[in-house]
Amino acid sequence: MSILTKDEAQALLKKVLSYSKADECEVNLTGNDSANIRYARNSVSTSAKVSSSQLVVSSAYGKKLGVATINEFDDASLEKVVRRSEELAQLAPENPEYVLFLGPQNYAGSATYVPATAAITPRLRSDLVAASLQVARDAKAVAAGFLEDNTGYSAMANSKGLFAYNTSTNTNFSITVRTEDGRGSGYATRGYNDVTKLDTRKATQIATDKALKSAEAKAIEPGKYTVILEPAAVAVLLERIFFGLDARQADEGRSFLSKAGGTTRLGEKMVDERVNIYSDPLHPELPTSTWSGDGRPQEKVSWIEKGVIKNFSYSRYWAEKKGVKAVPGPDGAIMEGGTKSLEELIAGTKKGVLVTRLWYIRDVDPQSLLLTGLTRDGTFYIENGKIQYPIKNFRFNESPIIMLNNLEELGKVERTVSVESNVNYLLPPIKVRDFTFSSLSDAV
Amino acid sequence: MKRRDFIHLAGMGSGAMALPFSAFAHEVEIGQLLTPLLDTSQKKQLADIALNTAKSLGASYTDVRIGRYLNQFVTTREKKVQGVTNTESFGVGIRVIANGTWGFAASNSVTPDGIKKTTERAVAIAKANSKFQREPVKLAGTPSYGEVSWKTPIVKNGFEVPVKEKIELLLNANAKAMENGASFVNSLIFLVNEQKYFASSEGSYIDQDVHRTWPNFQVNVVDRQSGQFKTRSAFSAPVGMGYEYLDGKAGDKIKAPGDIILYNKSYDIVEDAAMAAQQAKQFIAGKSVEPGKYDLVLEPSHLWLTIHESVGHPTELDRVLGYEANYAGTSFLTMDKWQSKNFKFGSDIVNFVADKTQPGSLGSVGYDDEGVKCKSWELIKDGVLVNYQAIRDQIGMLGQKESHGCCYSQSWSDVQFQRMANVSLQAGKKSLTPEQLISNVEKGIYIVKDGSFSIDQQRYNFQFGGVLFFEIKNGKIAGMLKDVAYQANTQEFWNSCTEICDERDYRLSGAFNDGKGQPSQSNAVSHGSATARFNGVNVINTGRTIL
């Protein structure tokens, strides 16, 4: 089965629901066509094309839920998967946290599907990779990169009359260029719904420039520095906040959003007042689905406004228990920025460090959201508004909450990709003071 | 990575436990899981269609993997069952060499027609990519094994144990944790069964049945008044065993320094949950560490992760060569260091062996995913780098003729590539117990169980936390510490290893979900060691206040 249209998906889901004998039944359907090319040492190493479809049926008797899935779509298989989910529901223990399925919802139309990406040809993929390889070869440098594109749809329906459908496309590209002697390394990453926006040549040129310029790195002392983080570096730090907005964790006292005395930080100013973070499924530069996996509408939500924690995300169970609106967690996030380019941020910096990318980010202490990780693929010393020389990589230990309290300046927002989660965001480069580098690394 | 998969299971922060699902896994009922879908003669017939099709299209080499991958997760929190999930993924992956270039395609249509089409696609991809190829792929030879089979030597198949029994065990453990002062507890049992059939154009037809088991929990203690919270994760290990790992035999319990109980080849989850709550309370009240140099005494349930990151990964030849440069990174163990035959990776007592056959380990199989019979080999001998981990298309670059047999794919739908074998620190040769080792340490920290971890992309600079930290003063345990992490350079660290306990203290631990590759794939791998001492390591204090 390839990508189904809205009408085809609705007809299939109606048929599945017609087999149901349970108190409630809900059906989720997804399908994907994806392809990738991976290269290293200036040659293609692997390449694959994979198609898949999946149907998930959830049946409930009272508070007993059974879930079964299938990837065959003939009538007999569809009826079989419904029966199987009902049998599992009868065997399951009651879940006191079970919440009845949602009724019909209103969803805005989404802009996640771009026909040009869905129509990508093997030739275009190969041209995009060839363009990238050419830049590295011309510079006598060594490229390792990854290009992937995905076209997919998802649909859901339930016995209460809810129906939702979305189709989306995406392409992610990342490139590491190293000098032949291995002493310099540079990186760039791009993500778009629309493949025509992807310029692999330009991204590879940036990575190549960074590789060539980073080759004679000097060691400077670890310590607290004013730091300019490019958006790819900002993404891996801030997404730990985005992933940690769950109300229940905070209410239970086991989150950086919990507080002494048994309360939470909801409604409190926690970071610099220039920090505004929200999610918006209709943002033209970062469109996402207008509904979440359990059928809740995804709407524009402000998470941090003028430094104040404005909203938590809720499971439907926890929202019902707390008597609040069940706001789903963000699907991609947007941080408001300023008007300055990266170059202008550098020009306004007396002494500081420019960070291209951060790597191997891990929680050290969930209480303070202290994270550790390292700089990578282009770290430079700035003095008197100019990049002076490349420096050796650092390990950092820093909390993004503390970092956002030490904010100096925000640059112009751009779309970027987290190397840790692969999620796309709209983020500015940011300049912060007193960023804690705790040791040196010999890695290039 | 997505090493996120790995952290979700192994690091597990303080949040709810996240479960890894392979992209094509779907849920099925248990009865169906126990019936094979196809017998080996049917699989052979299907595989031969791929082998013949690829040959007729000009492929010089083909391998076919028909795989059925089963998982079961039972997840609970406090008194509630959160989920019972069975997933199954069935399909075929076909890899060919045409025009000297790899091509791979996969499909869940395991029919003669589906296999033929998938093979055609794999050959077409190889031919299309050959225009980028600079050097043709050269495969090291491997014997043709004919029709052979291998099974994990399990005593009890976890998939046959009633779900009710697993739920009762987990809820019992949760109750013990709560009785002993836990604020919250999440627990799970995670079972894996890979039913893998491999066939190659070189005449091997290999049928394997691989089992892995992992019970785990997180106990949280929250002090609402001060706003502090701490987590104590289970002292279990993920294992290449059946459900017998949960028998918790008395002979497998170890009384360790600090009045704690550790486990060897079987695990008592109920007892450990009770201990976990008590220890998490002590942990909250622990003394915040004074940063500085300490002699570290690292217990095997902790040291495995340091071995994994600082020894396992840098000795992977594909990383050394640059194939992972865009993602997992390269390696400081460059070929010149190996060629010199005198690169001092560690002190004289440091010996590392890579092994794909060790009983009970996660990496143990009969044959790897490109039809090579598995074995063990030395990586570091008397502190010196002597070899890497390499597979058929790269081993020739070392001037070696035989693959190490460490090629793996997480699923039929992903292409196989070099993955880490079990890499283990060999036990010390002189008689030494952890108690004797600690009695000689003046100023040190005894660290139990893996915690936070991070290392650079060439594996020089690392930082590790842990779960429990005990201060050692003048040869004696002097109470619990908190806010501890150590930072070191790999080579300096392993050269500071001055003592390793003997064989009696040797145990395995490991990870279900080590991430590598783009798109990222998971690999399960174990690492063994005995308790070891490292002198003068830099310890930092990780305590911070955010308001």
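Since every read-out is calculated from the coordinates, none of them should be taken as a lab result. None of these values were measured; they are calculated from a predicted model. Neighbour counts are summed over all protein chains in view; Cβ atoms, including those assigned to glycine, are modelled from backbone coordinates with ideal geometry.
A few remarks follow.
- Excluding same-chain neighbours fewer than eight residues apart, the lysines reachable from B:K381 by a Cα-Cα span under 16 Å are B:K337, B:K341, B:K344, B:K429.
- Taking N as its residue count, the alpha carbon Rg of the stretch B:267-413 over 2.2 N^0.38 Å: 1.32
- In this label model, B:K476 and B:E271 are separated by 2.7 nm, measuring between points 7 Å along each Cα→Cβ vector.
- Unsatisfied cross-links (Cα-Cα over 30 Å) in the set A:K213/A:K300; B:K55/B:K401; A:K160/A:K325; A:K431/B:K293; B:K287/B:K516: A:K213/A:K300; A:K431/B:K293; B:K287/B:K516
- Taking all C-alpha pairs of the stretch A:255-395, those more than 26 Å from each other amount to 46 percent.
- By the beta-carbon count within 10 Å of each Cβ, the least crowded to most crowded order of A:Y225, A:Y360, fewest first, is A:Y225, A:Y360.
- Ratio of Rg to Rh for the protein assembly as shown: 0.93 [Cα atoms; Kirkwood radius as inverse mean 1/r over pairs].
- A Gaussian network model of chain A, with springs between Cα atoms under 10 Å, assigns the largest mean-square fluctuation among A:G244, A:G262, A:G191 to A:G262.
- Theoretical FRET efficiency, 1/(1+(r/R0)^6), r = Cβ-Cβ of A:E285 and B:K429, R0 60 Å, to 0.05: 0.45
- Angle between chain B longest axis and helix B:163-179 axis [Cα atoms, degrees, rounded to 10]: 20
- For the stretch A:117-134, there are no residues whose amide N sits under 12 Å from a probe point set 7 Å from the Cα of A:K202 along the beta carbon direction.
- Chain B: relative contact order in percent, alpha carbon pairs under 8 Å with at least 6 residues between: 16
- Computed log₁₀ I(q)/I(0) - Debye formula, equal Cα scatterers, no solvent, the stretch A:6-211, q 0.15 Å⁻¹: -0.88
- The alpha-carbon of A:K386 sits under 20 angstrom from the alpha-carbons of these aspartates and glutamates, leaving out residues fewer than 8 places away in its chain: A:D209, A:E216, A:E221, A:E230, A:E343, A:E344, A:D377, A:E408, A:E409, A:D434.
- Selected from A:A157, A:Q54, A:V81, residue furthest toward positive end of dipole (the stretch A:6-211; charges at beta carbon): A:Q54
- Estimated translational D of chain A in µm²/s (Stokes, Kirkwood radius over Cα pairs; 37 °C; 0.692 mPa s): 137
- Tilt relative to chain A, helix A:122-138 - C-alpha long axis, 0 to 90 degrees, to 10: 20
- Net charge of neighbours whose Cβ lies under 14 Å from the Cβ of B:G366, counting Lys and Arg as +1 and Asp and Glu as -1: -3
- Ascending count of other beta-carbon atoms within 10 Å, so fewest first, for A:R38, A:R248: A:R248, A:R38
- If the chain linking B:T545 and B:D48 were pulled fully straight, counting 0.36 nm for each residue of separation and taking away their Cα-Cα distance, it would gain 172.6 nm.
- Chain B - Rg (one decimal) and Dmax (whole number), Cα, Å: 23.7, 74
- Between the Cα long axis of helix B:269-284 and the first principal axis of chain B there is an angle of about 50°, rounded to the nearest 10.
- Stretchable slack from B:E378 to B:R134, in nm (0.36 nm times residue separation minus alpha-carbon distance): 84.6 nm
- Residue range of chain B that is longest and free of trypsin sites (Lys or Arg not before Pro) which are both DSSP loop and sparsely packed (at most 12 other C-beta within 10 Å): B:135-340
- Distance between the modelled labels on B:D223 and B:Q339, one decimal in nanometres: 5.8 nm (7 Å Cα→Cβ projection).
- Taking other C-beta atoms within 10 angstrom as a stand-in for reagent exposure, A:R415, A:R84 fall in the order A:R415, A:R84, fewest first.
- Distance between the pseudo-spin-label points of A:A76 and A:E344 (7 Å out from Cα toward the beta carbon): 6.7 nm.
- Alpha-carbon centroids, the stretch B:384-444 and the stretch A:14-69: separation in whole Å: 37
- Partners of B:K166 within straight-line reach, counting lysines whose Cα lies under 24 Å from its Cα and excluding those fewer than 8 residues away in the same chain: A:K63, A:K64, B:K79, B:K80, B:K151, B:K156, B:K176, B:K249, B:K253, B:K265.
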